[in-house]
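Visitor: Sharing a structure below in structure tokens format, with a few things to ask.
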There are 2 protein chains.
Amino acid sequence: MTVLSSVLPPTAETELEAVLSAAHSAAGPLAALRPGERARLLEAVADAVDAAADDLVPVAQTETHLAEGRLRGELQRTTFQLRLFAEVLRDGGYLDARIDHADPEWPMGAPRPDLRRVRIPLGPVVVFAASNFPFAFSVAGGDTASALAAGCPVLLKAHSGHLRLSKLTADVVSSALAEAGAPQGTFALLVGTAAGSAALKDPRVKAGSFTGSIPGGRALFDIASSRPEPIPFYGELGSNNPVFVTEAAAAARGGEIAKGFVSSFTLGAGQFCTKPGTLFVPAGSGLVGALRQAALPDAAPLLNDRIQNGYVEVLGALERNPRLSVLAQGSAPLADPPTPTLLLTTAADMLAEPHALQTECFGPTAVVVEYDGESQLVPLAESFEGQLTATIQGTDTCDVAALVEVLSRKAGRVLWNQWPTGVSVTYAQQHGGPYPATTAVGSTSVGTAAIERFLRPVAYQGFPQHLLPEALRDDNPLGVSRLVDGRRADA
Amino acid sequence: MTVLSSVLPPTAETELEAVLSAAHSAAGPLAALRPGERARLLEAVADAVDAAADDLVPVAQTETHLAEGRLRGELQRTTFQLRLFAEVLRDGGYLDARIDHADPEWPMGAPRPDLRRVRIPLGPVVVFAASNFPFAFSVAGGDTASALAAGCPVLLKAHSGHLRLSKLTADVVSSALAEAGAPQGTFALLVGTAAGSAALKDPRVKAGSFTGSIPGGRALFDIASSRPEPIPFYGELGSNNPVFVTEAAAAARGGEIAKGFVSSFTLGAGQFCTKPGTLFVPAGSGLVGALRQAALPDAAPLLNDRIQNGYVEVLGALERNPRLSVLAQGSAPLADPPTPTLLLTTAADMLAEPHALQTECFGPTAVVVEYDGESQLVPLAESFEGQLTATIQGTDTCDVAALVEVLSRKAGRVLWNQWPTGVSVTYAQQHGGPYPATTAVGSTSVGTAAIERFLRPVAYQGFPQHLLPEALRDDNPLGVSRLVDGRRADA
């Protein structure tokens, strides 16, 4: 690993051109592979990353300050995700294949032609890796897995926080793809913000994805949207992830809620996009007292200096806000490394200044808000911008239907008596939400539906069988579930 | 109809505020209706529009110069479309309901929680009506039908080309919705570009849709994308809709192709977004001669003065281009009203100046391109920007797989031995395509999948049955097809 001991140089212009050209050339052959063939590519990458774990994890530990156990778990999640998308490909439901047979009596007033529709890949994608998941949202992470599954070549812009790990992982991914027979140009690593922006502007690139901060994601979204040919940009930006504790829940299990909340907001030193940043508790319920007494964990180093500086700055601004006071703090003062901190305010103060008090503070900090009656919960929920998650801690007897309605409008995922950290990779997962949670409200970056971001539908009208994509042929050689004349027809 | 005899005044600021406020208030109640209840609203609108046909069609004739038969057919298509979305609602497949049961052994490395995902409406939508379909892409048209079906209140920005018809139709729609019990604020008409832009900028509006020109649609897309909270904007902008005639097809049925092409590019005086604007024919095949002799229809007035002036201007620029010559023209010279015109060029000229020669000329004009061998077809196809449609006229023995692959990348719909005008409203239709055909490559504005534009997914984690949306409850009271633990489970 001697060549990696110095920081990687940014991708040079000539190298970028070669990489873009290769991705452009790879798009056709990669799209032409059968879904099952692309599944084998994903599995080859998963196997290779698993096999390289002992090389990758120590580098990740050094570069991100995350613990070995957490990183090994994250790597398992990462390779699971690749294999899950292989399963998605073999299932074929993601193709949303539809067949309408010709119908001379179609009641529209004109005969219906034979129309068949399937999803095809968009083309090369630039993926901007995240800092806080050096495996699962980085080089071989969810965006890479879903874009490759869709059949899109990936240009992976490495996060500056873990460049050595990025290069090591990219080498593992590239070798595995090459050995498995992927088209040359299917995957490449980009280093440096200039290369990332230039790639996003290039007409050969057809989509972008990103996990990170609101300002960073918005800047890239603006680039993607203002191109001569605008392209979809799937940014997962930021979220406060409020938690609403009902009076009955506070009475029934206040201690348990206090404990669960502290575990959740300090998990991974608070560096999750789903960290619960605000906890609404009934005034006088004892929950505030329980939190004041809670044993907050010791200070831990954050991912890198930039994140640590950002945390200190945002937390400082919150502490200086006269509407907030410190409720509890970890064993060391706010410094380097920063200590977990709970701040306290009231419902009235939050409603008076929601934007400032709901600012995402990336790190182990949260705001506890005392409310005076459950009638305040709906207006408090309404005061939030778009969120990745929103949580209710309630009991079966709580009348929270109105609150659930508001939170469904505000968030991509609504939780009941659970905690938002820990985003399971499943078929029904939704990791998204209205802006600024994401720049693409209809999409998810976690779960099997993430593949849809990199596909678009094409209809074939009046085509002979031999020229149709396999998923649309009468004999259904791929065995996929299809919508035939408006009805579900399973293979 | 005396009150409508003068042009409608633009929507005043105070009126716009009232309309936005009502739409915002209607969003929750409209979303809360069961799909079957919204289906009845759509059917009420369809019945009312059908019943008003004799009042509406004459006004449409006066305002658009389109023939009665065409307008009656378009009205039938419009009410069919509303009823088809009612069927979509009752089917429930559009909800994409997914249930993952909790699984402690989930191989991700952490237990899977109970996660359930469904699509919910985005909120109020501004729909910008088109000029060329005063019924089907206007007040009660496809965007209105699909947005209302999704559960989104609609602010309909009337097209200035048929304001009286817009007001009449809006009154029919509003009355029908009110009588059927729709929430107050479910639908409103906006008049004037200022009101349309202001609505699109308003934070209470959550999506926009549009059918019209590239400059107009791009300007609105830019507004939607540059808001503090960017929102999805589904613009269907422009398309050249190239047609590729293989050598074998030209030999086998050149005369029939010439006739079909003339019918298609002059249909409705060439005022379709799917008008075939370019025809590639083999040099020396006799097809050029057949087209030179073809009986082009007489000149007919276009929709309105603005469109007529635009047509004269673009056609003038094409005629002045030294790479183009006039191949055939209708009975009157290029003037007022403009006459159908066929222009001629070569493959080499088109490849030399593709952008100028592929400019959409909205009206009865097309360019015929002579190619020298079928090896030119792929580079010619590659020279196009994103298209709504692309067509091949071939025979079963033609080797066109590579051409089909390129056209699938370029267009939303690819046709074989048919003509692109006439967009059937079906389950498998795809009316979209890469920019500039649309501003949202993954979407369609025609067909049942158009409803997806106005929905977004929400996941519920760990929820008790009574707080879940009906589509996600164990007993499946709506009887919808769902994905359960990754497998299709039909009701």
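The values are calculated or read from the model by the stated rules, or taken from the named source; none is laboratory data. Remember, it's a predicted structure, so these values are computed and weren't measured experimentally. Quick reminder, even Gly has a Cβ in these numbers, built from the backbone with ideal geometry, and neighbours come from all protein chains shown.
Visitor: Could you check, for the stretch B:409-432, whether at least one of its residues is within 7 Å of chain A (Cβ to nearest Cβ), of a type in the set (Lys, Arg) and within 20 Å of residue B:148 (Cα to Cα)?
Guide: Checked the stretch B:409-432: no residue is within 7 Å of chain A (Cβ to nearest Cβ), of a type in the set (Lys, Arg) and within 20 Å of residue B:148 (Cα to Cα).
Visitor: Something else now. Could you tell me whether residue A:388 is assigned to a strand (DSSP E or B), more than 24 Å from residue A:282 (Cβ to Cβ), touching a strand residue (DSSP E or B) at 6+ places or on another chain (Cβ under 6 Å) and not hydroxyl-bearing (Ser, Thr, Tyr)?
Guide: yes
Residue-by-condition table, conditions (1) surrounded by 22 or more Cβ atoms within 10 Å (Cβ to Cβ); (2) within 14 Å of chain B (Cβ to nearest Cβ); (3) closer than 17 Å to residue A:457 by Cα; (4) in contact with an Asp or Glu (Cβ under 8 Å, 6 or more places away or on another chain):
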position	(1), (2), (3), (4)
A:43	no, yes, no, no
A:61	no, no, no, yes
A:81	yes, yes, no, no
A:85	yes, yes, no, no
A:89	yes, yes, yes, no
A:97	yes, yes, yes, no
A:121	yes, yes, yes, no
A:124	yes, yes, yes, no
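Visitor: Being more than 14 Å from chain A (Cβ to nearest Cβ), hydrophobic (A, V, I, L, M, F, W, C) and in contact (Cβ under 8 Å) with a residue 60 or more places away in the chain narrows it down to one of B:248, B:195, so name that one.
Guide: Step by step, each of B:248, B:195 is checked, and only B:195 is more than 14 Å from chain A (Cβ to nearest Cβ), hydrophobic (A, V, I, L, M, F, W, C) and in contact (Cβ under 8 Å) with a residue 60 or more places away in the chain.
Here is a yes/no grid of residues against (1) small (Gly, Ala, Ser); (2) over 19 Å from the mean Cα position of the chain (by Cα):
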| position | (1), (2) |
| --- | --- |
| B:176 | yes, yes |
| B:197 | yes, yes |
| B:217 | yes, no |
| B:227 | no, yes |
| B:235 | yes, no |
| B:252 | yes, yes |
| B:262 | no, yes |
| B:266 | no, yes |
| B:274 | no, no |
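Visitor: Going by the structure shown, is residue A:141 within 12 Å of chain B (Cβ to nearest Cβ) and either on the phi > 0 side of the Ramachandran plot or under 22 Å from the mean Cα position of the chain (by Cα) (or both)?
Guide: Answer is no for this residue.
Visitor: Restricting attention to the stretch B:103-119, and to residues there that are in contact (Cβ under 8 Å) with a residue 60 or more places away in the chain and part of a loop (DSSP other than H, G, I, E, B), which single residue is farthest from the other protein chains (Cβ to nearest Cβ)?
Guide: Only one residue tops the list, namely B:114.
Visitor: Let me ask you something else. Checking the structure you have, find out if any residue of the stretch A:467-485 is at the interface with another protein chain (Cβ under 8 Å from one of its Cβ atoms), crowded, with 24+ Cβ neighbours inside 10 Å and modelled with pLDDT of 95 or more.
Guide: Within the stretch A:467-485, not a single residue is at the interface with another protein chain (Cβ under 8 Å from one of its Cβ atoms), crowded, with 24+ Cβ neighbours inside 10 Å and modelled with pLDDT of 95 or more.
Visitor: Considering only residues that are under 27 Å from residue B:245 (Cβ atoms) and either touching a helix residue (DSSP H, G or I) at 6+ places or on another chain (Cβ under 6 Å) or of a type outside the set (A, V, I, L, M) (or both), which ones fall in the stretch B:290-319?
Guide: Answer for the stretch B:290-319, where residues must be under 27 Å from residue B:245 (Cβ atoms) and either touching a helix residue (DSSP H, G or I) at 6+ places or on another chain (Cβ under 6 Å) or of a type outside the set (A, V, I, L, M) (or both): B:290, B:291, B:292, B:293, B:294, B:297, B:298, B:300, B:311, B:319.
Visitor: Return a yes/no flag: does the stretch B:251-265 have any residue that is within 12 Å of another protein chain (Cβ to nearest Cβ), assigned to a helix (DSSP H, G or I), among the polar types (S, T, N, Q) and surrounded by fewer than 24 Cβ atoms within 10 Å (Cβ to Cβ).
Guide: No, the stretch B:251-265 has no match at all.
Visitor: Further question: Please state which of the following conditions residue A:405 fails to meet, knowing it meets all the rest: (1) closer than 28 Å to residue A:271 by Cβ; (2) within 25 Å of the chain's Cα centre (by Cα).
Guide: Residue A:405 satisfies all of (1) closer than 28 Å to residue A:271 by Cβ; (2) within 25 Å of the chain's Cα centre (by Cα) except (1).
Visitor: Output the number of residues of the stretch A:269-315 satisfying the condition of being crowded, with 19+ Cβ neighbours inside 10 Å and on the phi > 0 side of the Ramachandran plot.
Guide: 2
Visitor: Within the stretch A:99-119, which residues are surrounded by fewer than 22 Cβ atoms within 10 Å (Cβ to Cβ) and acidic (Asp, Glu)?
Guide: A:103, A:105, A:114
Visitor: Follow-up question, since we're still on this one. Show the residue pairs meeting these rules: Cβ distance below 7 Å; 6+ apart or different chains; first residue within the stretch B:58-81 and over 14 Å from residue B:136 (Cα atoms); second residue of a type in the set (Lys, Arg).
Guide: Between residues of the stretch B:58-81 that are over 14 Å from residue B:136 (Cα atoms) and residues that are of a type in the set (Lys, Arg), the close pairs are B:59/B:164; B:63/B:164.
Visitor: May I pose another question? With part of a helix (DSSP H, G or I) and at pLDDT below 95 as the only criterion, which of B:3, B:19, B:45, B:49 stands out?
Guide: When all the criteria are applied, what remains is B:3.
Visitor: Show me the strands (runs of 3 or more DSSP E) entirely contained within the stretch B:131-245 in which 1 or more residues are among the polar types (S, T, N, Q) and crowded, with 21+ Cβ neighbours inside 10 Å.
Guide: In the stretch B:131-245, B:207-211 are the strands (runs of 3 or more DSSP E) which contain 1 or more residues that are among the polar types (S, T, N, Q) and crowded, with 21+ Cβ neighbours inside 10 Å.
Matching residues to (1) of a type in the set (A, V, I, L, M); (2) farther than 19 Å from residue B:238 by Cβ; (3) out of contact with any Pro (no Cβ under 7 Å at 6 or more places or on another chain):
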| position | (1), (2), (3) |
| --- | --- |
| B:124 | no, yes, no |
| B:140 | yes, yes, yes |
| B:146 | no, yes, yes |
| B:149 | yes, yes, yes |
| B:157 | no, no, yes |
| B:162 | no, yes, no |
| B:167 | no, yes, yes |
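Visitor: Within the stretch B:443-454, is even one residue surrounded by fewer than 24 Cβ atoms within 10 Å (Cβ to Cβ) and farther than 22 Å from residue B:122 by Cβ?
Guide: No, the conditions are met nowhere in the stretch B:443-454.
Visitor: Kindly indicate which of A:372, A:399 is over 16 Å from the mean Cα position of the chain (by Cα), more than 10 Å from chain B (Cβ to nearest Cβ) and at pLDDT 95 or above.
Guide: Only one candidate qualifies: A:372.
Visitor: Please work out if residue B:182 is more than 14 Å from every other protein chain (Cβ to nearest Cβ) and under 17 Å from residue B:208 (Cα atoms).
Guide: So residue B:182 does not fit the description; no.
Visitor: Looking at the stretch A:348-363, which of its residues are crowded, with 23+ Cβ neighbours inside 10 Å and modelled with pLDDT of 95 or more?
Guide: Across the stretch A:348-363, the qualifying residue is only A:350.
Visitor: Those residues that are over 22 Å from residue A:238 (Cα atoms) and in a loop (DSSP other than H, G, I, E, B), I need them from the stretch A:301-322; list them, please.
Guide: Across the stretch A:301-322, the qualifying residue is only A:322.
Visitor: Free of Cβ contacts under 8 Å to residues at least 24 places away in the same chain and either of a type outside the set (Ser, Thr, Tyr) or assigned to a loop (DSSP other than H, G, I, E, B) (or both): does that describe residue A:363?
Guide: Considered against the rule, which asks whether it is free of Cβ contacts under 8 Å to residues at least 24 places away in the same chain and either of a type outside the set (Ser, Thr, Tyr) or assigned to a loop (DSSP other than H, G, I, E, B) (or both), residue A:363 comes out as no.
Visitor: Return only the number of the condition from (1) modelled with pLDDT under 95; (2) closer than 24 Å to residue B:434 by Cβ that residue B:331 does not satisfy.
Guide: Going through the list (1) modelled with pLDDT under 95; (2) closer than 24 Å to residue B:434 by Cβ, residue B:331 breaks only (2).
Visitor: Pick from the stretch A:433-448 the residues that are within 17 Å of residue A:77 (Cβ to Cβ) and touching a residue at least 24 places away in the same chain (Cβ under 8 Å): which of them is farthest from the other protein chains (Cβ to nearest Cβ)?
Guide: Among those residues, the one meeting the criterion is A:445.
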